[in-house]
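> Would you mind keeping the following structure in view while I ask a few things?
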2 protein chains.
Amino acid sequence: MGRWEPDSRGRLQEAALALYAERGFDQTTAAQIAARAGLTERTFFRHFADKREVLFAGSGLLQERIVAAVAAAPAGDGPLAAVTCGLDAAATLLGEARRDLARQRHAVIAANPELRERELAKIADYAAAVAAALRARGVAEPSASLAADAGMTVLRVALERWAGEADDRPLADVMRAAVAELRSVAAGP
Amino acid sequence: MGRWEPDSRGRLQEAALALYAERGFDQTTAAQIAARAGLTERTFFRHFADKREVLFAGSGLLQERIVAAVAAAPAGDGPLAAVTCGLDAAATLLGEARRDLARQRHAVIAANPELRERELAKIADYAAAVAAALRARGVAEPSASLAADAGMTVLRVALERWAGEADDRPLADVMRAAVAELRSVAAGP
DNA sequence: TACGCTCATGTCAGCAACTGACGTCACCCT
DNA sequence: AGGGTGACGTCAGTTGCTGACATGAGCGTA
């Protein structure tokens, strides 16, 4: 047995989600999270840049998957079709997570403005990366940014419905329906 | 003459923008801003909820104008057309500001992740308000959210180009061109 | 076996972002 | 004249976050 319990990072994530859900984000101190994980405050901040980041640990992987799927989309696909491939990849990855945990996390984030800010920033990062991937496919600006951003809007709206109890279908279905809806809204009069 | 110099709020805004531009957001303390405006740190936080908010003072008015324009759009207009009316209103209001100050502000925000987060949050607030206005016009969900969000994406992309030296046309023109671009991207294959 | 390196964590001190409580004083209204 | 109001100052405290340094188990190497 090692000097310390294993997976301190994971323990911090669990502790943080639990405490944020129990007492609220503002009422939770970094020291409390660390104590619950059997660690110190300083160690918390060595693993996560700030108190919010602990809820967004998987976002790097998600971004990689989305970008890879956009880059791998059929060569004939238009910008929005390529982005839709990225959305499928996102739905696949996110759909693997335990839905109750996803909902808890969603509720915590929705309840706090600072956390909503961070989530928006993450999604904006995805959008920037997707726009770059589209440019690599030969899409010019500002079409690339608009398509990428519109796609991430779909991701956000779909995720909101899926994790927010409003829609019981699998995430991939909610997502594809939202893409169709967007197309029809944009085509409309 | 009053007990204090007038317009302390405005002085704080000027001082903050100047200091953020000179030394960077992180290297500027609230006490420094307050001192430059001839006030105390405590007074700064009475006027602005936090260090970032001082750069977003006009956002409430902008949101009101956008929402009012959406609500006042011709009855026959579809969701995206109504949102475009809101974008025109935004372009009008923002176009009145001194462009050099707008660019300075934009550069400061672009240079700092925390400030970008806040800006995204503000625009997301506009989107939520616009979506509500669309619902009041009879647009159902998720079309309302998608149209509102797509519109705010256009606002962001156009503002980025206009304030970021990439496009010298008047803001209203940049905005309308971006709407057209979005429509064509969404219509594409 | 003994030595020394690495690296995750602990400890400690400190700054800066806020916040609450309370005092002060010009201005205004009656 | 006198009392209320509102904008600001002062002070003390909590918390987020950081840098510098210490510690000790695991591990390779002599």
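The values are calculated or read from the model by the stated rules, or taken from the named source; none is laboratory data. In this text the structure is predicted, and so the values were computed from the model without any measurement. Glycine gets a Cβ as well: all are built from the backbone with ideal geometry, and neighbour counts include every protein chain shown.
> For the range B:155-171, what are the residues that are more than 12 Å from A:P142 (Cβ to Cβ) and in a helix (DSSP H, G or I)?
Of everything in the range B:155-171, those that are more than 12 Å from A:P142 (Cβ to Cβ) and in a helix (DSSP H, G or I) turn out to be B:L155, B:A163, B:L171.
> Given the options B:R156, B:R183, B:R135, B:R176, name the one that is among the charged types (D, E, K, R) and more than 30 Å from A:A75 (Cα to Cα). Show your work before the answer.
Numbers: B:R156 fails: more than 30 Å from A:A75 (Cα to Cα); B:R183 fails: more than 30 Å from A:A75 (Cα to Cα); B:R176 fails: more than 30 Å from A:A75 (Cα to Cα).
Every option except B:R135 fails the conditions.
> Mind listing whichever residues of the range A:166-184 are in contact with a Lys or Arg (Cβ under 6 Å, 6 or more places away or on another chain) and either within 7 Å of another protein chain (Cβ to nearest Cβ) or surrounded by 21 or more Cβ atoms within 10 Å (Cβ to Cβ) (or both)?
Matches in the range A:166-184: A:V174 only.
> Which one of these does B:A21 not meet: (1) outside the structural domain of B:I123 (by TED's automatic domain parsing); (2) under 17 Å from the mean Cα position of the chain (by Cα)?
(2)
> Shifting gears a bit: Restricting attention to the range A:111-126, does a residue exist that is within 16 Å of DNA strand C (Cβ to nearest atom), out of contact with any Pro (no Cβ under 6 Å at 6 or more places or on another chain) and of a type in the set (K, R)?
Yes; the residues of the range A:111-126 include at least one that is within 16 Å of DNA strand C (Cβ to nearest atom), out of contact with any Pro (no Cβ under 6 Å at 6 or more places or on another chain) and of a type in the set (K, R).
> Show the residue pairs that are 6+ apart or on different chains and have beta-carbon atoms under 6 Å apart, the first residue being within the range B:23-39 and within 14 Å of B:V54 (Cα to Cα), the second being acidic (D, E) and within 14 Å of DNA strand D (Cβ to nearest atom).
B:A30/B:E41; B:A31/B:E41; B:A34/B:E41
> Further, regarding this structure: Report, by residue number, each residue of the range B:85-130 that is without any contact (Cβ under 8 Å) to a residue 60 or more places away in the chain, of a type in the set (A, V, I, L, M) and farther than 20 Å from A:A124 by Cβ.
B:A89, B:L93, B:A97, listed by residue number.
Table: residues versus (1) over 19 Å from the mean Cα position of the chain (by Cα); (2) closer than 23 Å to A:V83 by Cα; (3) surrounded by 21 or more Cβ atoms within 10 Å (Cβ to Cβ).
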residue: B:A81; (1), (2), (3): yes, no, no
residue: B:R116; (1), (2), (3): no, no, no
residue: B:E119; (1), (2), (3): no, no, yes
residue: B:A148; (1), (2), (3): no, yes, yes
residue: B:V157; (1), (2), (3): no, yes, yes
residue: B:G164; (1), (2), (3): no, no, no
residue: B:A186; (1), (2), (3): yes, yes, yes
